[in-house]
Amino acid sequence: MNRTLTKPIADDLVRPLFQTSVWFYAIVFAAATVVACGGAAWGYQVWNGIGSAGIRWPVFWGFYLVNFVFWIGISHAGTLISAILRLVNAGWRRPVTRCAEAITVFALMIGAMFPIIHLGRPWLAFWLFPYPSAREIWPNFRSPLAWDFFAINTYLTGSVLFLFLPMIPDFALVRDRSTGWRRTLYGLLAFGWRGTTRQWNRLESAMQIMAVAILPVAVSVHTIVSFDFSMAAVPMWHSTIFGPYFVAGAIFSGIAALIIAMAVLRKTLGLEKYLLPLHFDNLGKLLLLMCILWAYFVFAERLTVWYGNEPSEMAVFWASQRGRFAPFYWTMVICNFVIPFVILTNYKTRTILGCVIASFGVLIGMWLERFLIIVPSLATKQLPYSWGSYAPQPVELTIMAATFAGMILLYALFSKFVPIIAIWELKAGLPSRLDPALQVETSLLSTRLDTEAFSSEAERADRGQP
Amino acid sequence: MKAVYGLYDDPHVAQQAVDNLRAAGVADADITVISSEPFDHFEFGHRDAATHMPWIATAAGAVGLVASYYLLAAAQMSWPLVTSGMPIVPLWSNLIIIFEMTMLSVIIATVITLLATAGLPSRGGKMYDPEVSDGYILVGVENPTDFARLEPALAIPGGRVKRVES
Amino acid sequence: MAYRWGMAVDIDKCTGCEACVTACHAENNIPTVGAGQASRGRAMHWIRVERYYEGSFPDVRLKFRPVLCQQCDNAPCEAVCPTYAAHQNEDGLNAQVYNRCIGTRYCANACTYNVRFFNFFNPEWPKPLHLQLNPDVSIREVGVMEKCTFCVQRIKAAKTEATAAQRELVDGALQPACAQACPTTAIIFGDLNDPESRVARLARSPRGTKLLEDLGAEPKITYLQKQPWHEPDAY
Amino acid sequence: MDRRHFIKLTAITGTGAALTACGNPEHQLIRFIPEDDLVPGVATWKPTICPLCSAGCGVTARVMEGQAEVFRNGQPGVISMGLAKKLEGNPEDAISQGKLCARGQAAIQITYHPDRLANPRKRTGERGSGQFVDISWDEAIKELVGHLDALAAANSQASLALLTKPRRGRRLDLLAEWLRRFGAPAPVTFELFSDDVLRRANEISFGVAQLPTLDLEQAQYVVSFGADFLGAWNSPVAQSAAYGRMRQSRPGGRAKLVHADARLSQTAANADEFVAIKPGTEGVLALGLAHVIIANNLRPAAAAGRAGAAIDGWATGLTAFTPAAVEQRTGVAAARVERLAREFAAHPPAVALVAGPPLAQSNGLFTALAVNALNALAGSLNTPGGVSFVPQPRPAVATRDLSALLQEAAPKVLLIDDVNPVFASPASRQVAGALMRIPFIASFGSFVDETSALADLILPDHSFLESWVEAVPESGAAKAVPISAGPVMRPLYDTRPTIDVLLDVSRRLATPLAPALPNTFEEFLNREETAGVLRAGDSAPAGQAGAEAPALQYIAPQFDGDPTQFPYHFLPYASQALFDGSLAHLPWLQELPDPTTSAMWCSWIEINEHRAEELGIHQGDVIEVASAHGTVRAAAFLNPGLAPDAVAMPVGQGHTNFTRYATGIGVNPVAILAAAEVSGTTALAWSATRVKITRVGGPDDTLILFGGATRERPEETHGR
C-alpha cells in the first residue's frame, strides 16, 4: 500500500525536472536579459564612477543599501521559518520548507552583492575580508560592516547547507529515475546516498541541530544589518529597537515573498495538490501576526521619538510623517498594515489570492520601509545646513530591476533542477507514517493531505489497519 | 560485493522481514534497511538513532568561541590602531563576531559529523537497488555468510528477494 | 612630547566671508565639480560656513558658523570604517588614509557633522589648472572619502623642520590654510597639550562650546560664542 | 649616461633651442637656464599684489618647481619652472596683514585658467562673432601702431581713448601720461560698483576725493549705512582684520556695530543691531541721529564744520529731521532713532560709514554728505577710532567716465585694458552698440569676454603673477604704502604685459612719443623717483580741491518705474564670490557657497519669505523680474532677511561669453537696470530701479544650494 500512496507524489514532484514548457525558456530568457542589463549598468558604474548613482552629500547611502536590507530581509523567509516550523514539528511545513529555504539562499546571495556594488572602489572589495593585507592590517572588527561580513557568511553557509542536506535524498531519487547526463549530475549531487536507516537518522539529527543553530544566526543577521544603522548617531537610527524591529520586518517581508513564490509555483508547476489553501491560510495567519508585530514596532519607535521631542529626531520624524517623504510613508502604512490587516483578518478573504495581494502590498511596503529608514535620516541629520535630498539614477533602478529579475531567474532554474518540494519529507509526513498516538493531534494541527488530496479508498483502508 | 535483500512495498512487512532476520540469527548491526523516506515510527527506523552529534556540535561551538576570541584579539593587537576611542580589543563589538564564529563552528561541525557518520559521500559499490526510489523498502544483509539461511527469512508475502553475487 | 592639535573658532569674529573655504581648496587640492555635479550634491568643501537665519524681517538675524572636521577624540566615523582608513593618529588627528579607503561611505553617514566628502568621480583639472595643485597633498581618486586634515602636510613639515632644528614648535607658527587666510583671525590653531597655547586658553574660555557636544564625540574644536553688546556700564 | 653622451645630447638640444629661439633672444634663456633659487619640492615665497579690486592687498605666492606646458613663439613645449601654487596674505603688508579674502586667493586661477588667451588674435568674422585668428606679436603691434599713426596723420589724436579700471597707482599714472603725450584725452575708467559718489562727497565734506579708512579697531560704536565693508566694499581684508580686533582680543570690550539697510547683507549679518530701513532714506536716518545729538546738546552742531555746512539746515539744528519725521520717512521707529543717537554720542570713538546701495540712489550724494556730517559732528574725522584718509604720494590723475565713449563724438580708436562694460552696464545704456560704432578696438585682457569679443585686435596681457605689479592703496592703512613687486613666475604663454606693449608702441610710432617714456614698466617702477618720468602736475589731478559746494537739501529718492506697476525695489548687490562679474570665470569662486544663501554656480532672486508665501512662491520656483527696461528669470530664494517690498539679486552671473566656467550660467541683473544717475555725479544709480515679479513656474533645478535648511532649529515639534 505504501507505493500507491507515495509513488504519485514522487512522480508529480519530479516531473518538472523532465518536462520543460516554452514558458520556462521565455521566463529565463526575459529574466536573464534584465540581469544582463543590470550587469551592464554595474559595469558602467564601475567604469564611470560611483557618482553615476544618485547618492550625494549628505545621503551617502541610497537605493543600493535599501535593496541590501530589503533582500537580506527577504532571506528571512526560508531558513528562519522552516527552522521554526521544524523545531515545533509543524507538519504543514513539509511542502513549504524547500521553496522557502531556496528564497533564503538566493535572496542572501543577491543581498550580499549590494555592499560590493555600492562601494566607491569595488575592485578593492576584498579588503573587507578578514585577512591581513599586504600592510598586515586586518579589517577593523569594530566596524558593523565587518560584522556584516561574518553574519552574512555564517547565515549563507548555514542556509546553503540547510537547503542542501535535505536535498541529498531527493537527488538520489532523481538519480535513480533518470538516465544520461542527468544521472551523472544527480549522482554527483546525491553524494552516493542510499537511504539506510543510519543515514536517515543522522540526517534528521543534523537537521535538528542545524535548525537550532540557524535560528539565532538568522536573528543575528538582521540584527546586525540593523546595527549598520543603529550604531551611528544619526537621528532615528540610533535606536535600541532596531534589532527586533528589523528582524520582525524581515520575517514579515520574508513570509510575503514566500507566499508569492508558492502561489507562482503552484500555478506554473501544477502543484495544486501539494500547496493547498491550507498552507496559504496558515502562512496568511503568520503574515497577519507579523503585520501586527510590525505595526507595533513602528508605533513604539515613532511614539518614543515623538514623545522625546529631540529636535534632530523630530526633523526626521516630520520629514517622513508629513514632509517630503510623507507620500512614501503613508503608502508604506497602507501597504504594510491596512491592506494585509483587512485582507488577512477576515477568513473569507484569506484565500490564496487574498494572501498574494496582501503579500505584494507587504513587499512594496517593506521596501519603502527600508527606504524610509535610510534616506530621510541621512537627509536630515543634526546640522540643518547639511540637509539634503536624494533621487535615484538610472543605474540604480536598472540594478534594482536586475536583482528582482535575478531572483526570478535563480528560482526558475532552481525549480527546474531540484524538486521544489522535499519529496521524502512530504512522504514521511503522510499521516500513515506518523505515530498513531500523535495522529489526531497532528492532523488537527497540520496537514490535511490525506483527507483532502489523497483520500482514496486504498488509503482509508490503509489507515484502518492496526 | 555479495548481498541478499528483499524489497517490500509495506513498512509493516519490512518490519517483519527485519524481525525474521534477527530470528535467523543475524546481528542487528549487519541488517541494512534502505528506504526512500525515514520511518521514524517503525522499530527498524530507529535502530541506531543514538548519536553523539549534539555533543560534537556543542564542543565545536565551544572551540569556535574560544578560538575566535583569541584570533580576533591577536589580529587587533598585531597593528593596534585606535578608532573612536575604543579599546584595542573591544569585547562588546567582538562578541558579535565571536557569536557568528561560534555558530558557524556548530553548523560546520554538524555537517562534518553527518557526512562522516552517514558515510557520505560514498562511491557506491554497496548494497542498493534503484527500486527503492520507487517506494520499496530494502531489507538485506551485505556480504552474508550463508544465503540459504537468510533467503527464507526475507521471503515473506508482499516482498521479493534478490541475491547479488559478483 | 605628543601634540594634540586643536582649534578655536570665534563665532564673534567670523564674518562669513568664506576666505577659509577658498584657502582650503587651494591648499588641499580639492576639486571643483561644476554646476551639474554641484546641483547633485557633490560639491566638496572641507570647511563650510553654515548660515542660519533667526527671526524674520525686520527683526532678523543671520548667524555664521564655520564647520570643518572636528577631529573628535571619540570620532564616530572611525570605528565604522572596516579598513582602518579612518583612525586616530598619534597627534590626536582624525586621520583619513586615502589608500585604504574602499568607499563604503559609512564614515560620512556616521559623522554627525557631515564634514566628510566623497569623490564620486575622478577629479579633473583642465590644463593648465593642474599646475596649481599643491605637490604636498595627494590627489584623491574616485571612490575615496576625504575631509579636513588640519592641513596635516603643514603639521608634518613643521614637525620635521622643528626636529631638524632641535627645537619645539612655536605656538602660532604653524597654521592650517583656513586659519592663515581668515581675515578676522577667527580661527586659532594650536596644541591643546600645551596649556599656555592660545588655542588651549581659548578652549577654556567661558564663551567656549563644542558643536553637538551632547553626542559625546569630544570634538577638538571649540566654538567661542558671540557676545551680546552691553552698555559698557553694565560690566 | 656617460660623459660623452651627455655632451652630445646637450649639443643637440642646444642647437635645436638656438634655432627655435632665433629672433627672440630673451626666450632662448628660458628653456635652458634653471631657476637657480628653486629646489624641487621646496617652496619659496615671492611677494606680489592682488589685482582683483582696488584694495591692493600685498600677497605672497608660494612657488614650487614644476613641469609646465608653455608656449613660446607659438610653439608648445614643456619646461621646468617655478610655479605659483597658492596665494596668501603678505604678513609684512599693511593692508592684507597676512590675510586674504576668498576672491584674492582665487586670483591664482586667472593665471592657470584653461581658457586664458595664449597669444595675440585678430578678428576675422563680423564684430562680436567671436571669430579670431592667431597672429604674431610683431603683426599685432604693427597693426596697432598703424591705427595710431593714422590718427596722428589725420591730426585727430584726441580720437584715441583708453578704457581701464579705476585703480589708483603708478600704472594708471603712466597710462595717463602715455595718453597725454600722444595727445589723447584722459583715460576712461569704468567699474560697476565704483565709489565715485563717496569720493565726491568726501571732497565736498572734507576736501579729499578719496575713500575713507576706518579705524574700526579702536572704534567703540560703528553705524554702517549699507556699507558691505566685510564683504566686497573698499578694502575688505583690512576692514575685516580691524573688525576682528574690534570684536574680541582688545582691551576695553567689544564695540557695537549697527547696520542700516533694506537687506540683511553679509555685513549686516554681523551687526549687533540691524536697522531695516526704506531704500534711499539712509541719509535721513543719519541726519535724524545728528538732530538728536544736536538737540540734546550732546555735541555742538558747529563741530561738524565744513561737512555740516554741506547739509541744508544743519546750522539750524536739522529741524526737519526730528525722530518723528525720520520715522515717517525711513520706517525706523522714532524711539529707536533717539536711542541710537544717544548710544552713538555716548560711546566715543563712534564712527559712521556709508557705501553701497544708499549711494546708488538718486539722492546718494546727499546720503553720503549726511553721514560725513554725522562723523564730523561726532568728532570722528582723523581721530583714533574714526575716519581718516591715507595720504597719497601723488594726486590722482584725472579720468573720464564711460559716457565719453557713448557720446556722438565717439573715439576712433579704443584701447580696452581688461574692463567689461558691455556686461556690467544696463542694457539701456547700449554700450555694445556704442562700441560697435568705434572703428578700431584693441583689447588687452587675458580672456575673451562680452567686451573684448567686440575687439578687432586682442593683445593678451601677462597674468599678474607673470608681470611687474604695483599698488598705491587708497584706503585700508594708516599711512600710504605704495608697493610694487616683480614677476612671481615666468609666463606660461606668448603674452606680454599691456603696459610694456604700449611703451613699445610709443617708440614704434611714426612719431615716437617725446620725451621718451621708460622702456618697461619695471624700469619705470624701479627708477621712478630718479628718472622723474612723472612730475607733479604732468597729468592734471582729479577734482577741484577746496571747491565749496552749496548746501544740499534732502530730496526723496527717485526710482525708475511707477510704484503701482512696479511695486518692488530692485536691489542688485556685489556677489561675495564673483564681485561685479569680473571673477565669474574662476571655478573656485563659482563653487564658493554664497555666504547668505549658500548658492553656487547660479543666479537667484531673493524675495522676502513671507511675501513669497503670500504669492505662492516656493524655494527654487522660477520667477521673472521685470523692470521698465527688461526682464530676467531665475530661481527664487526665500530670504528671511529682505524687506517685503524688495527683491534682491547678486551681480556676477549671466555672462554670454566669458570662458567655459561663466558662459551661460545665470542671468545678469544689471541688464534690466535703469540708466539713472546719482544726482550731482555721473555715477550709475544701480539701486534705484523698481520692478515687478511674476511666478513663471516650478523649480527648474537651477538653484544650486550647498546648504540645506536656512534655520537651525526645526520649527516642528510635538507641540504642533
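The values are calculated or read from the model by the stated rules, or taken from the named source; none is laboratory data. Values in this document were obtained by computation on a predicted structure and should not be read as measured data. All Cβ positions, glycine included, derive from the backbone under ideal geometry; neighbour counts span all protein chains shown.
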### Message
Suppose we filter C:Y84, C:Y53, C:Y106 for residues that are at the interface with another protein chain (Cβ under 7 Å from one of its Cβ atoms), free of Cβ contacts under 8 Å to residues at least 24 places away in the same chain, in contact with a Phe, Trp or Tyr (Cβ under 9 Å, 6 or more places away or on another chain) and of a type in the set (F, W, Y); which single one remains?
### Response
C:Y84
### Query
Would a scan of the range A:107-115 turn up a residue that is β-branched (V, I, T), crowded, with 21+ Cβ neighbours inside 10 Å and either closer than 22 Å to A:I399 by Cα or touching a residue at least 24 places away in the same chain (Cβ under 8 Å) (or both)?
yes
### Message
Out of the residues in the range D:50-87 meeting the condition of being within 20 Å of the chain's Cα centre (by Cα) and assigned to a strand (DSSP E or B), tell me which one is farthest from the other protein chains (Cβ to nearest Cβ).
### Response
D:G58
### Task
Kindly indicate whether D:A442 is modelled with pLDDT under 95 and either in contact with a Gly (Cβ under 6 Å, 6 or more places away or on another chain) or of a type outside the set (K, R) (or both).
no
### Query
Only one of these conditions is not met by C:C77: (1) buried (at least 20 other Cβ atoms within 10 Å of the Cβ); (2) facing another protein chain (nearest Cβ under 7 Å). Which number is it?
(2)
### Message
within 30 Å of D:D93 (Cα to Cα), of a type in the set (D, E), more than 8 Å from chain C (Cβ to nearest Cβ) and touching a Phe, Trp or Tyr at 6+ places or on another chain (Cβ under 9 Å): is that true of D:E217 in this structure?
### Response
yes
### Query
Which residues, counting only those in the range C:10-39, are under 19 Å from D:G666 (Cβ atoms), within 14 Å of chain A (Cβ to nearest Cβ) and either of a type outside the set (D, E, K, R) or touching a residue at least 40 places away in the same chain (Cβ under 8 Å) (or both)?
C:V33, C:G34, C:G36, C:Q37, C:A38, C:S39
### Query
Can you find even one residue in the range B:75-86 that is more than 9 Å from every other protein chain (Cβ to nearest Cβ) and either more than 19 Å from B:P38 (Cα to Cα) or at pLDDT 90 or above (or both)?
yes
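Condition check ((1) surrounded by fewer than 24 Cβ atoms within 10 Å (Cβ to Cβ); (2) among the polar types (S, T, N, Q); (3) touching a Gly at 6+ places or on another chain (Cβ under 8 Å); (4) under 25 Å from A:G158 (Cβ atoms)) across all residues:
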| site | (1), (2), (3), (4) |
| --- | --- |
| A:W200 | no, no, yes, yes |
| A:M207 | yes, no, no, yes |
| A:H222 | no, no, yes, yes |
| A:G243 | yes, no, no, yes |
| A:F246 | no, no, yes, yes |
| A:V264 | yes, no, no, no |
| A:L271 | yes, no, no, no |
| A:L276 | yes, no, no, no |
| A:D281 | yes, no, no, no |
## Note on the structure
The condition of being more than 20 Å from the chain's Cα centre (by Cα) and outside any loop (DSSP other than H, G, I, E, B) holds, among D:R507, D:R496, only for D:R507
### Message
With the requirement that a residue be in contact (Cβ under 8 Å) with a residue 40 or more places away in the chain, within 21 Å of the chain's Cα centre (by Cα) and not in a helix (DSSP H, G or I), what does the range D:633-664 give you?
### Response
D:A648, D:M649, D:P650, D:V651, D:G652, D:Q653, D:G654, D:H655, D:T656, D:N657, D:F658
### Task
Provide a single number: the residues in the range D:607-644 that are more than 18 Å from D:Q565 (Cα to Cα), modelled with pLDDT of 95 or more and in contact with a Ser or Thr (Cβ under 7 Å, 6 or more places away or on another chain).
3
### Message
Quick check on the range D:271-301: of everything there that is in a helix (DSSP H, G or I) and either in contact with an Asp or Glu (Cβ under 6 Å, 6 or more places away or on another chain) or without any contact (Cβ under 8 Å) to a residue 40 or more places away in the chain (or both), which residue is surrounded by the most Cβ atoms within 10 Å (Cβ to Cβ)?
### Response
D:V292
### Filter result for A:S52 (within 14 Å of chain C (Cβ to nearest Cβ), without any contact (Cβ under 8 Å) to a residue 24 or more places away in the chain and of a type in the set (G, A, S))
no
### Task
Quick one: count up the residues across the range A:110-158 that are small (G, A, S), under 30 Å from A:A83 (Cα atoms) and more than 10 Å from chain C (Cβ to nearest Cβ).
4
### Task
For B:A17, indicate whether it is out of contact with any Leu (no Cβ under 7 Å at 6 or more places or on another chain), modelled with pLDDT under 95 and closer than 30 Å to A:T196 by Cβ.
no
### Query
Taking the stated definitions as given, is C:Q153 closer than 23 Å to C:V67 by Cβ, more than 11 Å from chain A (Cβ to nearest Cβ) and buried (at least 24 other Cβ atoms within 10 Å of the Cβ)?
no
### Query
Restricting attention to the range A:124-149, and to residues there that are touching a residue at least 40 places away in the same chain (Cβ under 8 Å) and farther than 17 Å from B:L71 by Cα, which single residue is surrounded by the fewest Cβ atoms within 10 Å (Cβ to Cβ)?
A:L145
### Task
Answer yes or no: is there a residue in the range D:567-577 that is within 23 Å of the chain's Cα centre (by Cα), within 11 Å of chain C (Cβ to nearest Cβ), closer than 18 Å to D:C101 by Cβ and not acidic (D, E).
yes
### Any chance D:A309 is farther than 16 Å from D:V222 by Cα and at pLDDT 95 or above
no
### Task
Could you check D:P120 against (1) surrounded by 21 or more Cβ atoms within 10 Å (Cβ to Cβ); (2) in contact (Cβ under 8 Å) with a residue 60 or more places away in the chain; (3) within 14 Å of chain C (Cβ to nearest Cβ); (4) of a type outside the set (S, T, Y) and say which number it fails?
(3)
### Message
Between a residue in the range D:306-325 that is surrounded by 16 or more Cβ atoms within 10 Å (Cβ to Cβ) and any residue that is polar (S, T, N, Q), which pairs come within a Cβ distance under 6 Å, given they are 6 or more apart or on different chains?
### Response
D:A307/D:S205; D:A307/D:N372; D:A310/D:S205; D:D312/D:Q553
### Task
Hand me the list of strands (runs of 3 or more DSSP E) wholly inside the range C:1-106 holding 2 or more residues that are under 26 Å from A:R135 (Cα atoms).
C:86-88, C:94-96
### Message
Exactly one condition in (1) part of a helix (DSSP H, G or I); (2) surrounded by fewer than 24 Cβ atoms within 10 Å (Cβ to Cβ) is false for D:P348; which is it?
### Response
(1)
